[in-house]
Amino acid sequence: MTDDLRRALTLGDRIDVYDGATQIDGTGSFIALQDHILIWADSTGYVRFQHIGDAVNIVKVS
C-alpha cells in the first residue's frame with residue numbers, strides 16, 4: 001500500500017485524510033511517507049504524523 005501511495009503523491013499535493021468516515025482536520029498538503037507514517041500539513045498548517053492503518057484513507061484532491 002505505501003509503495004502505491006509513494007507513486008501517486010508528490011510533495012505539496014492536496015490531500016484529504018480520513019479515519020474511517022471522519023475527515024481529519026480539513027484538506028491538507030502531502031509532505032512525505034515513511035515506514036507506514038504519513039507526514040502531512042493539515043488545513044491550519046500544523047504538521048501531522050499519521051500512522052497508516054486499516055481505517056485510514058487518503059484521497060488526492062484535484
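The values are calculated or read from the model by the stated rules, or taken from the named source; none is laboratory data. These numbers were taken from a predicted model, which means no experiment stands behind them. In this analysis, Cβ positions are derived from the backbone assuming ideal geometry, glycine residues included, and neighbour counts consider all displayed protein chains. Calculation scope for accessible area: heavy atoms of the full protein, side chains included, ligands and nucleic acids excluded. Shrake-Rupley method; radii C 1.70, N 1.55, O 1.52, S 1.80 Å.
Accessible area per residue of the chain at 1.4 Å probe, in Å²?
Numbers: 3950 Å² over 62 residues.
Dividing the accessible area of the chain by its residue count gives 64 Å².
Find out how many positive minus negative residues lie around Lys60, taking Lys and Arg as positive, Asp and Glu as negative, among other residues whose Cβ is under 10 Å from that of Lys60. Mind showing how you got there, number by number?
Details: positive: Arg14; negative: Asp13, Asp16.
Value of the local net charge: -1.
How large a share of the accessible area of the chain, in percent, is made up of carbon and sulfur atoms when the probe is 1.4 Å and the other protein chains stay in place?
Numbers: 1970 of 3950 Å².
Roughly 50 percent, rounded to a whole number.
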